[in-house]
1. Residues being over 15 Å from the mean Cα position of the chain (by Cα), more than 9 Å from chain A (Cβ to nearest Cβ) and buried (at least 19 other Cβ atoms within 10 Å of the Cβ): count how many of those fall in the stretch B:75-108.
2. Look through A:124, A:100, A:133 and report the one residue that is out of contact with any helix residue (DSSP H, G or I) (no Cβ under 6 Å at 6 or more places or on another chain), assigned to a helix (DSSP H, G or I) and exposed (fewer than 15 other Cβ atoms within 10 Å of the Cβ).
3. Test each condition in (1) more than 14 Å from every other protein chain (Cβ to nearest Cβ); (2) closer than 30 Å to residue B:103 by Cα for residue B:232 and report the one that comes out false.
4. Looking for whichever is more than 11 Å from chain A (Cβ to nearest Cβ), within 30 Å of residue B:184 (Cβ to Cβ) and either at pLDDT below 90 or part of a loop (DSSP other than H, G, I, E, B) (or both) here; the options are B:154, B:162. Which one fits?
5. Look through A:11, A:25 and report the one residue that is touching a helix residue (DSSP H, G or I) at 6+ places or on another chain (Cβ under 6 Å) and without any contact (Cβ under 8 Å) to a residue 40 or more places away in the chain.
6. Take the residues in the stretch B:165-191 that are touching a strand residue (DSSP E or B) at 6+ places or on another chain (Cβ under 9 Å) and assigned to a loop (DSSP other than H, G, I, E, B), then tell me which one is nearest to the other protein chains (Cβ to nearest Cβ).
7. Taking residue A:114 as the residue in question, decide whether it is farther than 23 Å from residue A:280 by Cα and modelled with pLDDT of 90 or more.
8. Scan (1) closer than 30 Å to residue B:210 by Cβ; (2) more than 14 Å from chain A (Cβ to nearest Cβ); (3) buried (at least 22 other Cβ atoms within 10 Å of the Cβ) for the single condition residue B:54 breaks and write down its number.
């Protein structure tokens, strides 16, 4: 039936992605490159959230970097506290606090840093802090029926505000350098090649958890309501739904995904800084989603992988041309392939494959998923 | 005015809305009885659609009162008004084009309206049977798996009527339900509407006088936001004021 959790072609799609992430990439890449791909995959968490918010729900957020950053900072605060033992920091004027606090003449750990001594609290905060902020923004915007381009601009402003706040409050946040020199997780050194490999697989597994949650939401009535809201918000409202509540929920879910991605970024890359929070990374995240296909959660993962891989490859050889290339790519996708890679797959490749493998009896083309935009 | 509550399902009293000083609806009062089919007619700009917008909460009134079964609607949110039992069809067909006919009807099924209710919502046989039943009423039983974008204009209108029927509202408000339809579709729609207005109160905005005469219990003629005339179709048609501003040309 149509309402099952995974259709056959979706099951194949998930299986192929699992093969790529868990077998093909680890076998083909050395541990440095694998770690890079692990970093790219952390952006996929954000892109999947954007598929739900933007692709399905029509809520374009240009501030997902905020939630990615909040999740990443929560993780980084825990790791930084663990790295700042009194023995490691004995040369500081106040041993036992993070080095950047000491440099900024702080003599004791601020109260709001204290709970981050606990791993359990920090992991909770990785999800809860982004969700809390998304909830506040969501209530403030959606209850007042702010939407569309106004919402996008306001989220962008939040990205700018958070960056400025982090840079300005250097003593509490590490400022423009971010939180660096992270070493161990409960005594386990996260800087070794083996640890990075383990973290890559943890990251991949978490990504699949997020993908399954996203798939569940899309297949539920809530997923269909999001599409309905995107097309006819008033009709949904006058069918007895409180539209704002649904928008707040999906925005919070996207924020939770982004927070998990941010935390995995911190673990794999070993630092968190305001350059990952601001306007530019937030827009890049939207581009990952657009290139992959904003209607497809799997497409979003490929988009994040491909664009980041291209970014690394191109910016190694032509650093000054990369941004122009990225902009060109975005324009090309929007103009020629509004549904991104996933759209190319479902409209051009999949029907041909089906025709190839089903020689007799015309297969019903189930791939007319072109949205009327 | 002291009107006993139990006689009327909807009481509109002194309803006024002003847009930057322009009174689109001006001190309007009317009363709808249970099982009545009230047709609102009037020239363009008379405020017909605005009246429906005010009742269903889409536009906020400047003053006045709208009570539905003793509940004041003017202070309620749109979705709360729907749950109180008021359904509204828009002038242009508002259906979800990217979803199938089945899904369109399913989203209007009165269950799972909260965030977590919608996540937990399952298509059981009761839901399927009800959707099948409604689809047969609105002549779309063979198109359940079709995307709404591929329906004709008339079929979209029927689908939206079906989406309202599945909610089973006590008061149904229809804004020009036969506008833009072919003659054949129009006939079928008239037949459909006659069937669905039997056991509920309905407010209809319509220009087609033949159609109005066919369905109306009573007619209210609006002009410049005020009631010009009210009564049976014959009475309204012979009212010299109505002939002058509306029916005459």
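The values are calculated or read from the model by the stated rules, or taken from the named source; none is laboratory data. These numbers come from a predicted model, not from an experiment. All Cβ positions, glycine included, derive from the backbone under ideal geometry; neighbour counts span all protein chains shown.
1. 2
2. Just a single option satisfies the conditions, and that option is A:124.
3. Residue B:232 satisfies every listed condition except (2).
4. B:154 is the lone residue from the list that is more than 11 Å from chain A (Cβ to nearest Cβ), within 30 Å of residue B:184 (Cβ to Cβ) and either at pLDDT below 90 or part of a loop (DSSP other than H, G, I, E, B) (or both).
5. None of the other options fit; the residue is A:25.
6. Across the stretch B:165-191, the extreme among qualifying residues is B:167.
7. So residue A:114 fits the description; yes.
8. (2)
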